[in-house]
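Okay, structure first, notes after.
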Amino acid sequence: MDLDHTLLKTDLLYETLILLVRHAPLSLVAVPYWLTRGRAVLKRQLALRVRPEIRQLPFRAELVAFLRLEKSRGRRLVLVSAADQMVAETVEDHLHLFDEVIASDGTRNIKGTHKAKLLEDRFGKSGFDYVGDSKSDFAVWRCARRALVVTDSRRFANTVRTMVPVEKVFVRSTGRVASLIKAFRIYQWTKNLLVFVPVITSHRIFERPILLSGLLAFFSFSLFCSGVYLINDLLDLEADRRHVKKRFRALAAGELSIFSSLLWASALLAFGVALGFWGGLSFLVFLAIYGVANFAYSIWIKRVVMLDVVVLACFYSLRLLAGGAATGIGCSEWLLAFSVFFFFCLAMIKRYSELRESVGIEGQGQDVRGYFRNDLDPIASFGVSSGLISVLVLVLYVMSPEVRILYRHPTILLLLCPLFLYWITRLWFKANRGEVPQDPVVFALTDRTSYIAGVLAAFVLYAATI
């Protein structure tokens, strides 16, 4: 029985490398040296420093059930893996399924021809059946009596049949394309529509060159963000697998491999930067700040109370600044002042909803990124206050001399205030009742009242302009 991508939907080598990045990043400098001494040495050094939480890893439930049935019928089960022996044994400690565990020992990397020779010496040619998933297992199947194959490819299964009789084929994954698209979080691209706000508020949205620059900025930021989301999912694998809902994400559930996610993340980041060149150097600077800040957020900031919320709010404001830089219009002081308080309000709703959901599921006193149950009231207080201050900034803007340059009837803009007051307070009531998911933007996208408020706000802006 193979382990990586067979019994498990993931690869333990990449799992431990991700853990090393999270828990012992300084050890990364030694990885190239360990690799020059062989993959077995690399795996042993990683195992000495970090260990995956085996019970949280995505096992193939159908295959595990099949193995338990076969064991009950008297079939002897042996786990033979290229993973390090120290890690492979923790799998058996969790499953209590195998009669023996054979794995890489820090000297030999038990894979391909090495695995085939070891099994042939131990059990004799055609003296065992083997469960595998990759081309590296071809050498083992040539020595086996029968094959059990984990694959989505009929061609691959037929190739194995030319070497040895196939007893059973297990589906490797379901909906890989859908899982990939879901991992890109395209629904989050709606946040990047903020790059158009400076253009809209300056009343230049219908100028073709500026609109084109805004569109390029939107797609650049969106592709870049999707790459960042994949990186964040990789760094958050441990936490996501413990989470009631996030454990179903494509990476956490093993529907996407760590290696392919790294490739897609690199491609998305590269495409995003390539498109960003059309936005100019200033736009690329804001893009880089967003990427670095997101990495810092995933590694450290998200566990620092209140700083995490401030940084989340700044991510929204960065989109405004990036849109202003790409179109050459810039952001007014009034827009930035409003955005700071408004987006801080949304960030507090996000944190409030996460904490409330976690407390509801896990019980009182739970520590969620440094927050506790008793913090719910102050979080709500700060969030509501910030939302109301954003409305006050809007009132001051309407009363300022600058507004008369852009609007013929600026007094009509005061009608935006009750709309924002209603939307913000309603959102907080919903959050307090547990009706808002962790991201308020996602909630707004599925909320009919939010769409009605948006249409009314657009009508008010139009009425003030004509």
**Fill in**
Measuring from the longest principal axis of the C-alpha atoms of the chain, the long axis of helix 333-362 (C-alpha) lies at a number of degrees, nearest 10, equal to 40 degrees
**Message:** To check my understanding: the extent here is largest minus smallest coordinate of the Cα atoms along each principal axis. What are those three numbers for segment 287-418, in Å, largest first?
**Reply:** 55, 35, 17
**Prompt:** If you look at just the Cα atoms of segment 174-293, how large are its Rg and its Dmax in Å?
**Reply:** 16.1, 49
**Request:** Pick out, in residue order, every one of the trypsin sites (Lys or Arg not before Pro) in segment 201-290 that is DSSP loop and has at most 13 other C-beta atoms within 10 Å; say none if there are none.
**Result:** Lys245
**Message:** Please list 3J(HN,Hα) in residue order for segment 60-68, calculated via the Karplus relation 6.51 cos²θ - 1.76 cosθ + 1.60 where θ = phi - 60°; whole Hz, with x for glycine and proline.
**Reply:** 7, 4, 5, 6, 4, 5, 4, 5, 5
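Taking only DSSP H segments of four or more residues, each worth -39500 (n - 2.57), what value at 222 nm results for the chain once the sum is divided by all its residues, to the nearest 500 deg cm²/dmol? Walk me through the numbers on the way to the answer.
Working: 21 runs with 280 residues, N = 466.
When only DSSP H runs of four or more count, the value is -19000 deg cm²/dmol.
If we count every other residue with Cβ under 15 angstrom of Trp189's Cβ, Lys/Arg +1 and Asp/Glu -1, where does the sum land?
With Lys, Arg at +1 and Asp, Glu at -1, the neighbours total +3.
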**Message:** Please report the antiparallel percentage of the DSSP beta bridges confined to the chain, to the nearest 5.
**Reply:** 15 percent
**Message:** Loop only by DSSP, 13 or fewer other Cβ within 10 Å of the Cβ. Give me the trypsin sites (Lys or Arg not before Pro) in segment 45-85 that pass, ordered by residue number.
**Reply:** Arg73, Arg75, Arg76
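Would you kindly work out the equivalent ellipsoid of segment 20-69 from its C-alpha gyration tensor and give its semi-axes, the square roots of five times the eigenvalues, largest first in whole Å? Could you put the intermediate results ahead of the total?
Values: eigenvalues 183, 40, 11 Å².
Semi-axes, largest first: 30, 14, 7 Å.
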**Prompt:** Can you give the angle from 0 to 90° between the axis of helix 12-23 and the longest principal axis of the chain, with both taken from C-alpha atoms, to the nearest 10?
**Reply:** 40 degrees
**Prompt:** For segment 214-225, what does the Karplus curve 6.51 cos²θ - 1.76 cosθ + 1.60, with θ = phi - 60°, yield as ³J(HN,Hα) per residue in whole Hz, taken in order and with x for Gly and Pro?
**Reply:** x, 5, 5, 5, 4, 6, 4, 5, 5, 4, 4, 4
**Request:** Towards the positive end of the charge dipole of segment 250-392, with charges on Cβ (+1 Lys, Arg; -1 Asp, Glu), say which of Phe315, Phe341, Gly280 has the farthest Cα.
**Result:** Gly280
**Request:** Calculate the radius of gyration of the Cα atoms of segment 1-127 to one decimal place, then report Dmax, the largest Cα-Cα distance, as a whole number, both in Å.
**Result:** 15.2, 49
**Fill in**
The answer for the chain, accessible area per residue at 1.4 Å probe in Å², is 48 Å²
**Cβ-placed point charges (K, R +1; D, E -1), dipole of the chain about Cα centre in debye, nearest 20** = 1040 debye
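Pop out the carbon and sulfur fraction of the accessible area of the chain as a percent, whole number, probe 1.4 Å.
Details: 14280 of 22470 Å².
The value for the chain is 64 percent carbon and sulfur by accessible area.
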**Message:** Using only the alpha-carbon atoms of the chain as identical scatterers, what base-10 log of I(q)/I(0) does the Debye formula give at q = 0.06, 0.08, 0.09 Å⁻¹?
**Reply:** -0.36, -0.60, -0.73
**Item:** Using θ = phi - 60° and Karplus 6.51 cos²θ - 1.76 cosθ + 1.60, couplings along segment 399-412 (whole Hz; Gly, Pro as x)
**Value:** 8, 7, x, 4, 5, 6, 6, 9, 10, 6, 10, x, 4, 4
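Magnitude of the Cβ-charge dipole of segment 84-229, K/R +1 and D/E -1, about the Cα centre, nearest 20 debye? Mind dumping the intermediate values first?
Details: 21 positive and 15 negative charges, 179 e Å.
Using Cβ point charges on Lys, Arg, Asp and Glu, segment 84-229 gives about 860 debye.
With +1 assigned to the C-beta of every Lys and Arg and -1 to the C-beta of every Asp and Glu, and no other charges, what is the dipole magnitude of segment 40-81 about the Cα centre in debye, to the nearest 20?
Numbers: 11 positive and 3 negative charges, 35 e Å.
In total the dipole reaches around 160 debye.
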**Prompt:** So how tilted is helix 376-398 from the main axis of the chain? Cα-based, degrees 0 to 90, rounded to 10.
**Reply:** 40 degrees
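The values are calculated or read from the model by the stated rules, or taken from the named source; none is laboratory data. Keep in mind the model is a prediction, meaning the values are calculated, not measured. Because the Cβ atoms are built from the backbone with ideal geometry, glycine has one as well, and the counts that use them run over all protein chains shown. Remember, those area values only see protein heavy atoms, side chains included, never the ligands or the DNA or RNA. Shrake-Rupley method; radii C 1.70, N 1.55, O 1.52, S 1.80 Å.
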